[in-house]
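The values are calculated or read from the model by the stated rules, or taken from the named source; none is laboratory data. The shown structure was predicted, so the numbers you read here are calculated from the model rather than taken from an experiment. Virtual Cβ from ideal backbone geometry, glycine too; neighbours counted across all protein chains shown.
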Amino acid sequence: MELSALTNTYLTQTKMQLESQQSKVDGFQEALNNAIKKEDDKALRSACAEFESYFLYIMLKEMRKTTNSKDNPLYSHTEEIFQGLLDEEYGKSLAKAGGIGLAEMMYKQIKTEQTASAETAPETATTG
């Protein structure tokens, strides 16, 4: 009975984490699409920075999994939750401090694509 309850708790927590991650990805996608449609540079930079922050959080979270902290006798589920929140804040701080350059690369790529599509749009209209 206890094993079943623990399994259900774990599955529920995992489902909630996946839903939370999907929600963040959907939010980023929506912010990015809105910024592109409105051609709002500030919003586009913000969306790219938000994505880099999330990317860094996931990277830190996955790196932490390699440390085998569960072998530590002082390990607790509470610590795992705290570490997850801390990794998320580290991701935000790293991105705000310049990150790994992912946000800037994304911004430049999107702006290049916008410029290219804006330049070809009048040609298409006159030739079509």
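See the values below:
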| item | result |
| --- | --- |
| Residue in segment 92-108 that is in contact with a Lys or Arg (Cβ under 8 Å, 6 or more places away or on another chain), hydrophobic (A, V, I, L, M, F, W, C), in a helix (DSSP H, G or I) and surrounded by 11 or more Cβ atoms within 10 Å (Cβ to Cβ) present | yes |
| Among (1) of a type outside the set (A, V, I, L, M); (2) in a helix (DSSP H, G or I); (3) at pLDDT below 85 - the single one residue 73 does not satisfy | (2) |
| Looking only at segment 40-63, and only at residues there that are without any contact (Cβ under 8 Å) to a residue 40 or more places away in the chain and aliphatic (A, V, I, L, M), the one that is surrounded by the most Cβ atoms within 10 Å (Cβ to Cβ) | 47 |
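Yes or no, residue by residue, for (1) within 10 Å of the chain's Cα centre (by Cα); (2) farther than 17 Å from residue 109 by Cα; (3) modelled with pLDDT under 75:
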{"residue": "34", "(1), (2), (3)": "no, no, no"}
{"residue": "60", "(1), (2), (3)": "no, yes, no"}
{"residue": "68", "(1), (2), (3)": "no, yes, yes"}
{"residue": "78", "(1), (2), (3)": "no, yes, no"}
